[in-house]
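The next block holds one structure in the form of structure tokens; read it before the comments.
The values are calculated or read from the model by the stated rules, or taken from the named source; none is laboratory data. This is a predicted model, so every value here is computed, not measured. Virtual Cβ from ideal backbone geometry, glycine too; neighbours counted across all protein chains shown.
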């Protein structure tokens, strides 16, 4: 795994975690959704630098190696 690929997978995991937190309470979600701008920009930039579109099998394998529970491969 290259450093830029690892950075992309890590940024994606941070975005997922931030999104889950922002949407955890539907009543408060409108307040917190604007806070996702920074993690989205970080993930977009990291994906671009790694040459990923964000839907490649290789990318999700990297994400799964960081957080197996996110891909259903580790329960």
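For segment 42-75, residues that are at pLDDT 90 or above, in contact with a helix residue (DSSP H, G or I) (Cβ under 6 Å, 6 or more places away or on another chain) and exposed (fewer than 15 other Cβ atoms within 10 Å of the Cβ) total 1.
Picking from residues in segment 1-51 that are touching a residue at least 40 places away in the same chain (Cβ under 8 Å), more than 11 Å from the chain's Cα centre (by Cα) and in a helix (DSSP H, G or I), the one that is farthest from residue 63 (Cα to Cα) is 49.
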